[in-house]
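Asks: So that we are looking at the same thing, I have put the structure below in structure tokens.
The values are calculated or read from the model by the stated rules, or taken from the named source; none is laboratory data. Everything numeric here is computed off the predicted structure, so don't read it as measured data. Cβ placement follows ideal geometry from the backbone for every residue including glycine, while neighbour counts extend to all protein chains displayed. When the accessible area is computed, the model is the full protein with side chains, heavy atoms only, and any ligands, DNA or RNA have been set aside. Shrake-Rupley method; radii C 1.70, N 1.55, O 1.52, S 1.80 Å.
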Amino acid sequence: MAQDVLNALTLGSLYLLFALGMSLAWGTIGILNFAHGSILMFSAFSAYLVVREVALSMPVLLLIGAAVGAVLSLLVQVLAFEPIQRRAKDHRQAELQILVGGIGIAIIPLAIAQHITSSVPFGYSGGTFRVDTYDLGFVRISNVQIVTLVAAFGLAAAIGWWLKAARPGLALRGIGVDPEVSSLMGVDRRRLALLTMAVAGALAGLAGVLLTYYLGSIAPETGDAFLLKAFAAIILGGVGSIAGVVLGAVILAGIETFVLVTTSGTWAPAIAFGVIFLMLLVRPNGLLGRQEVRRT
Amino acid sequence: MNQWYLSHEILIQGTFISLLLALSIQVPLRAGVFSFAGIGSYAIGAYTAAILTIREQVAPVVAIGAGVLIAAAAGYLLALLVARLSGLYLGMATIAFSLFLGVLATNGGDLTGGATGLFGALSTLTTAHVITITVLVLVALAASERGSFGRRVDAVREDPQLAVSMGIDVNRVRRRVFVISGALGACAGGMNTLLRTTVSPETVGFHLVVTALTMIIVGGALSWAGAAIGAVIFTWLPSVLQFVGEWQLLVYGIVVAIAAVYVPNGLLGLLQEGWRRLRRRGRRLPAGGASVAAAPVAEDPEEKLAALGGPTAEARS
Amino acid sequence: MNSGSRIGRRKALGSAGALLLAVGLAACSSPSDSSSGSGSGGSGGGGEGLPDTVTLMAINGLTGPVAFAGTNAQKGYDLAVEQVEADGLLGDTTIEIEYKDSAASAQEAASFASQAITDQKYTAILGPSASAQSTAISPLVDQAGIPTVYVQSGSEGVVTGDYTFRLTPPAASYFDIAGDYVEAQGVKTASVLFNSGNPTLVQLGQDSVPALAEDHGFEVVSTAGVEATQQDFTTPTSQIAGDDPDAAFLMVQGPQYPVAITQLRQAGYDGVLVGMSAAGAGNLSSAGEDAAGFVWPTNFTADQEGESSQAFVDAYREKYGEDPNNYAAEAYDAVWFIARGLAEADSADRTALQEGLAAVAADGFSGAQGDITFDGNDARVPGVLVQWDGSREVPLSTDGS
């Protein structure tokens, strides 16, 4: 039982790592980036290309992943999403174009990684980090599991604090509530949007490297598999609320773990879809989302 | 010519089926409803047709018709359920609905064939039937884009509040587009299953959302003609891209991304823009415009583009 | 022209083949020997002779998620074409393969098949690896009467008529070779983990393992399904570790193997681990030492015994500088199968080739996968048990030595 709870928390922290960056960009500057999974995968893949040549430690790989993720995310913002927002005739049109643009962009890193790896999974066995498992009697936990848990909830707390207390965070939340008014208040939306996308990309990169460490290896298609789960977590918790994402990720992972433990598991894929659908019907703003932040 | 037709018959069929699928997303979009329920309807139509054909050996018209009716009814119920949602939220709710059906099919036991799916759905459906049905649908949709119904739909999209104050029952229009979307999606799914004789959970998955959406966005979202352009391009693009060999997927992604970013009104928008310029200049340069209007499904290019220019161009300016 | 001399040669080969047949097909080893053995029977007459070039269309996913199978198959095809030419089985006739990339699209695959059907230039089709693509092609080619030889495509509904053949034996058909191994390991209880989105893996997990349990005296204590694209196996693996059975059967997709095995070991499970052929082809490299001891039955491994297999492996290493995997081996056998059918038919006519292929299938032949027999049009091989030693896969005798 204790093991199941720990497992659910670990799975939840993986969803959380993935969803944090997505949620940040969506809840503040209104960009639902479908290339997020692809950026995550490609950051982890870049770190793999480096570690294949030089044996590096985990912190260095995390840095590489975060840097690659931030750069990719900025590129996407400058080359695709900014032009879309500049030219679109209204908000809804922009939303749709960003969605499709993201889907198209996501294919590009995927195609490159698939081509280089032939879709064979890659991992960081060339690095210096080694997995150790500790048996505490009532649960077994590995060092990489601890790192993942600490990183996921720590990053969520840091982002939450940043949005609440730091000046750029405050301005961002302002944009999330009312873009026009915050512009009038002297908020430089373009700079803030770039900053947000860079942070979201860096989060994706960190998540990608941590995910690869935790799972041992990932394949180029891994990023996409997490996309809908992260989405479910965000919807469940409420767009624009970091605490909501944490809650959403943990609850989704909890339900999935429960179903896996108690049934033969063939219905497990339906859970994320069911959660999205039911939550939107019953409480479209999520568990912790607020009415005014809701963007349609 | 005949040789060419026979060897490309599958792609020709595929073009029309993709067009119907794309329309099942485009019709709601025209009313400002961002719904992917058409993809779920495709799954409903595909499985209904396969089950009825394999188990009951019914005629294709019955097999497809049953799927269309079921999906239309499902569309109506779904419209009632998601009445409060709009925008991306509605899109995600309907994606969840559609993908859930795929899981249902995987767990459907003997009825749906589980992960293997169903095969051996042999029928008498021909390409001519597919084309006839699609053309009938197109005529009906083209008619619906004009006249008072077309204007009502445009009003619902552009300004729902204003539409209400003008006495338009917005919810009724929304319910209607859900029903039409369901019927179109199921029709596409049923026809595809009977032509390919097989259906499996992996053929009704998320990739259909991507395919249909890219067709509409690249072609042009506000008219059936945009969906037609998109369907032609994305059905034939892979064969055209054979020459880039191993980088085919990469080129595909770049094409979609560029189209979404830099051609916001789709190729149809570009064509309309070009056509308008040509007409303005046309008095000075006669007979120069034929090549520009080379829209793939054109009957009379001038009349068609002029007709399309109606609802879309005016609404935008 | 050369047809006269070739017929003469065929007759000579035929008599040699009759001798060989008397000794027994198992004695046939190198491809050329066995081909003369099976391509005999005096049915050489009746055909109008072979043209200078026989063109085949190979439809496969060369890009996208199944590209790995497709590109390796391509290498196997190319090698076999070279060898057939050098061998002289078809006289001066050469085989030419045109590659079409169907990526991940069943519609694309079906479209290429219909192009091959209408263009009389193509004698036969080398079918795709993905079941979803193959099931869309089979009804077309059976109706139009163009021989189609598949690799992989383990689903039902692929080998449906006289014109569809499959050179990859279904994983379930040789899975019983794992039975002796687990019995020798003293296994009394086992858990099963399978991918619920893939027909082959569902069949293995829900039917083959329980059947194996009955035959080899162990009990399946738990069975769990995971998603088609499952990434994290923490929960299912700690379930298994909690049950602590003597053996765990993992029926998942290639890229899922290193993760599932690593997490199972981290969860503290140290029993016997058995998988299926998708674990091969380098998928375990990223798990490294964690996966050492992992065992799976496969239709081909580079170090398997048998002269025809080793002849293939040597030629492959020489041409490509790497070890062949099962995808390349199956594809290699597919081309040799067609070449033998052509020799048997002595004609590039599609109907004649179908009859030729059926005759070859009735006799079976020795190829990269060892001694290949056919159940109808569907290949069967003895299979080989392999073990991951931490860095590569090595053959294992069934008692585990």
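Asks: Within segment B:130-143, work out how many residues are free of Cβ contacts under 8 Å to residues at least 12 places away in the same chain and either of a type in the set (A, V, I, L, M) or crowded, with 17+ Cβ neighbours inside 10 Å (or both). Before you say what the answer is, go through the steps one by one.
Replies: Initially, segment B:130-143 is screened for residues free of Cβ contacts under 8 Å to residues at least 12 places away in the same chain, giving B:132, B:135-136, B:139-140, B:143.
Now drop any that are not either of a type in the set (A, V, I, L, M) or crowded, with 17+ Cβ neighbours inside 10 Å (or both), which leaves B:135-136, B:139-140, B:143.
Count: 5.
Asks: Further question: Looking at A:271, A:235 in this structure, which one is β-branched (Val, Ile, Thr) and within 12 Å of chain C (Cβ to nearest Cβ)? Reasoning before the result, please.
Replies: Numbers: A:235 fails: within 12 Å of chain C (Cβ to nearest Cβ).
The unique qualifying residue is A:271.
Asks: Among the numbered conditions (1) more than 9 Å from every other protein chain (Cβ to nearest Cβ); (2) surrounded by fewer than 20 Cβ atoms within 10 Å (Cβ to Cβ); (3) closer than 13 Å to residue A:100 by Cα, tell me where residue B:270 comes up short.
Replies: Residue B:270 satisfies every listed condition except (3).
Asks: Which residues, counting only those in segment C:210-245, are free of Cβ contacts under 8 Å to residues at least 12 places away in the same chain and within 12 Å of chain A (Cβ to nearest Cβ)?
Replies: If the condition is that a residue be free of Cβ contacts under 8 Å to residues at least 12 places away in the same chain and within 12 Å of chain A (Cβ to nearest Cβ), then C:235, C:242 are the ones that fit.
Asks: Please go through segment C:115-130 and pick out each residue that is open to solvent by 20 Å² or more (accessible area, probe 1.4 Å) and more than 17 Å from residue C:200 (Cβ to Cβ). Please lay out each step first, then the result.
Replies: Step one: list which residues in segment C:115-130 are open to solvent by 20 Å² or more (accessible area, probe 1.4 Å), which gives C:115, C:117-121, C:130.
Result: C:115, C:117, C:118, C:119, C:120, C:121.
Asks: Hey, can you tell me all the residues within segment C:170-210 that are aliphatic (A, V, I, L, M) and either open to solvent by 50 Å² or more (accessible area, probe 1.4 Å) or farther than 25 Å from residue C:238 by Cα (or both)?
Replies: Filtering segment C:170-210 down to residues aliphatic (A, V, I, L, M) leaves C:171-172, C:177-178, C:182, C:184, C:187, C:190, C:192-193, C:201-202, C:204, C:209.
Selection gives C:171, C:172, C:177, C:184.
Asks: Take the residues in segment C:77-105 that are within 14 Å of chain B (Cβ to nearest Cβ) and polar (S, T, N, Q), then tell me which one is most open to solvent (accessible area, probe 1.4 Å). Give the derivation first.
Replies: Narrowing segment C:77-105 to residues within 14 Å of chain B (Cβ to nearest Cβ): C:98-105.
Now narrow it down to the ones that are polar (S, T, N, Q): C:102, C:105.
Numbers: C:102: 1, C:105: 38 Å².
Filtering segment C:77-105 for residues that are within 14 Å of chain B (Cβ to nearest Cβ) and polar (S, T, N, Q), the one most open to solvent (accessible area, probe 1.4 Å) comes out as C:105.
Asks: Go over the candidates B:49, B:71 one by one and state the one that is in a helix (DSSP H, G or I), touching a Pro at 6+ places or on another chain (Cβ under 9 Å) and touching a residue at least 60 places away in the same chain (Cβ under 8 Å). Before you say what the answer is, go through the steps one by one.
Replies: On the way: B:71 fails: touching a Pro at 6+ places or on another chain (Cβ under 9 Å).
Checking each option against the conditions leaves just B:49.
Asks: Let me ask you something else. For segment A:19-135, which fully contained helices (runs of 4 or more DSSP H) count at least 1 residues that are at pLDDT 90 or above and of a type outside the set (S, T, N, Q)? Give the derivation first.
Replies: Details: elements: A:36-53, A:58-76, A:82-87, A:91-117.
Once the helices (runs of 4 or more DSSP H) in segment A:19-135 are filtered for at least 1 residues that are at pLDDT 90 or above and of a type outside the set (S, T, N, Q), what remains is A:36-53, A:58-76, A:91-117.
Asks: Under 6 Å between Cβ atoms, at least 6 apart or on separate chains: pull out the pairs that start in segment C:106-118 with a residue that is closer than 11 Å to residue C:133 by Cα and within 7 Å of chain B (Cβ to nearest Cβ) and end on any residue that is outside any helix (DSSP H, G or I) and open to solvent by less than 10 Å² (accessible area, probe 1.4 Å).
Replies: These pairs meet every condition: C:108/C:102.
Asks: Of everything in segment A:107-125, what is within 11 Å of chain B (Cβ to nearest Cβ) and either among the hydroxyl-bearing types (Ser, Thr, Tyr) or in contact with a Gly (Cβ under 8 Å, 6 or more places away or on another chain) (or both)? Give them in sequence order.
Replies: Selection gives A:107, A:108, A:110, A:111, A:114, A:118.
Asks: Among the residues that make up segment A:79-90, is at least one of them surrounded by 15 or more Cβ atoms within 10 Å (Cβ to Cβ) and among the aromatic types (Phe, Trp, Tyr)?
Replies: Looking for residues that are surrounded by 15 or more Cβ atoms within 10 Å (Cβ to Cβ) and among the aromatic types (Phe, Trp, Tyr), one finds at least one in segment A:79-90, hence yes.
Asks: Next up: If you take the residues in segment A:221-236 that are free of Cβ contacts under 8 Å to residues at least 60 places away in the same chain and not small (Gly, Ala, Ser), which one is surrounded by the fewest Cβ atoms within 10 Å (Cβ to Cβ)?
Replies: A:228
Asks: Tell me, please, whether a residue that is open to solvent by 40 Å² or more (accessible area, probe 1.4 Å) and in contact with a Leu (Cβ under 8 Å, 6 or more places away or on another chain) can be found in segment C:239-253. Talk me through it step by step, then tell me what you get.
Replies: Residues of segment C:239-253 that are open to solvent by 40 Å² or more (accessible area, probe 1.4 Å), as a first pass: C:239, C:242-244, C:246, C:253.
With the extra rule that they be in contact with a Leu (Cβ under 8 Å, 6 or more places away or on another chain), the set shrinks to C:239, C:253.
Yes, there is a match, as at least one residue in segment C:239-253 is open to solvent by 40 Å² or more (accessible area, probe 1.4 Å) and in contact with a Leu (Cβ under 8 Å, 6 or more places away or on another chain).
Asks: Starting from residues that are buried (at least 24 other Cβ atoms within 10 Å of the Cβ) and in contact (Cβ under 8 Å) with a residue 60 or more places away in the chain, keep the ones in segment C:131-145 and report whichever is nearest to residue C:171 (Cα to Cα).
Replies: C:131
Asks: Hey, can you tell me all the residues within segment C:324-349 that are of a type outside the set (A, V, I, L, M, F, W, C) and more than 16 Å from the chain's Cα centre (by Cα)? Let's see the steps before the verdict.
Replies: Restricting attention to segment C:324-349, the residues satisfying the condition of being of a type outside the set (A, V, I, L, M, F, W, C) are C:324-327, C:330, C:332-333, C:340-341, C:344, C:346-347, C:349.
C:340, C:341, C:344, C:346, C:347, C:349, listed by residue number.
Asks: If residue C:309 satisfies every condition in (1) out of contact with any helix residue (DSSP H, G or I) (no Cβ under 7 Å at 6 or more places or on another chain); (2) of a type in the set (S, T, N, Q); (3) touching a residue at least 40 places away in the same chain (Cβ under 8 Å); (4) within 22 Å of residue A:218 (Cβ to Cβ) but one, which is the exception?
Replies: Checking residue C:309 against (1) out of contact with any helix residue (DSSP H, G or I) (no Cβ under 7 Å at 6 or more places or on another chain); (2) of a type in the set (S, T, N, Q); (3) touching a residue at least 40 places away in the same chain (Cβ under 8 Å); (4) within 22 Å of residue A:218 (Cβ to Cβ), the one that fails is (4).
Asks: Quickly run through segment C:255-277 and pick out the residues that are without any contact (Cβ under 8 Å) to a residue 60 or more places away in the chain and either open to solvent by less than 10 Å² (accessible area, probe 1.4 Å) or not in a loop (DSSP other than H, G, I, E, B) (or both).
Replies: Answer for segment C:255-277, where residues must be without any contact (Cβ under 8 Å) to a residue 60 or more places away in the chain and either open to solvent by less than 10 Å² (accessible area, probe 1.4 Å) or not in a loop (DSSP other than H, G, I, E, B) (or both): C:257, C:258, C:259, C:261, C:262, C:263, C:264, C:265, C:266, C:269, C:273, C:275.
Asks: Which one of A:240, A:216 is within 9 Å of chain C (Cβ to nearest Cβ) and either open to solvent by less than 10 Å² (accessible area, probe 1.4 Å) or over 18 Å from residue B:95 (Cβ atoms) (or both)?
Replies: Working: A:240 fails: within 9 Å of chain C (Cβ to nearest Cβ).
Just one listed residue meets the conditions, A:216.
Asks: With the requirement that a residue be surrounded by fewer than 21 Cβ atoms within 10 Å (Cβ to Cβ) and either touching a strand residue (DSSP E or B) at 6+ places or on another chain (Cβ under 8 Å) or of a type outside the set (S, T, N, Q) (or both), what does segment A:109-119 give you?
Replies: Residues satisfying the conditions are A:112, A:115, A:116.
Asks: For the condition among the small types (Gly, Ala, Ser), more than 13 Å from the chain's Cα centre (by Cα) and open to solvent by less than 10 Å² (accessible area, probe 1.4 Å), what is the one hit in B:205, B:190, B:219? Don't jump to the end; show me each part of the working.
Replies: Working: B:205 fails: open to solvent by less than 10 Å² (accessible area, probe 1.4 Å); B:219 fails: more than 13 Å from the chain's Cα centre (by Cα).
Criteria check complete, one pass: B:190.
Asks: In addition: Does residue C:284 satisfy the criteria of being touching a residue at least 24 places away in the same chain (Cβ under 8 Å), surrounded by 22 or more Cβ atoms within 10 Å (Cβ to Cβ) and outside any helix (DSSP H, G or I)? Steps first, answer last, please.
Replies: On the way: touching a residue at least 24 places away in the same chain (Cβ under 8 Å): yes; surrounded by 22 or more Cβ atoms within 10 Å (Cβ to Cβ): yes; outside any helix (DSSP H, G or I): yes.
So residue C:284 fits the description; yes.
Asks: Please go through (1) within 10 Å of chain C (Cβ to nearest Cβ); (2) modelled with pLDDT under 85; (3) open to solvent by less than 20 Å² (accessible area, probe 1.4 Å); (4) assigned to a helix (DSSP H, G or I) for residue A:169 and return the number of the only condition it doesn't satisfy.
Replies: Single failed check for residue A:169: (1).
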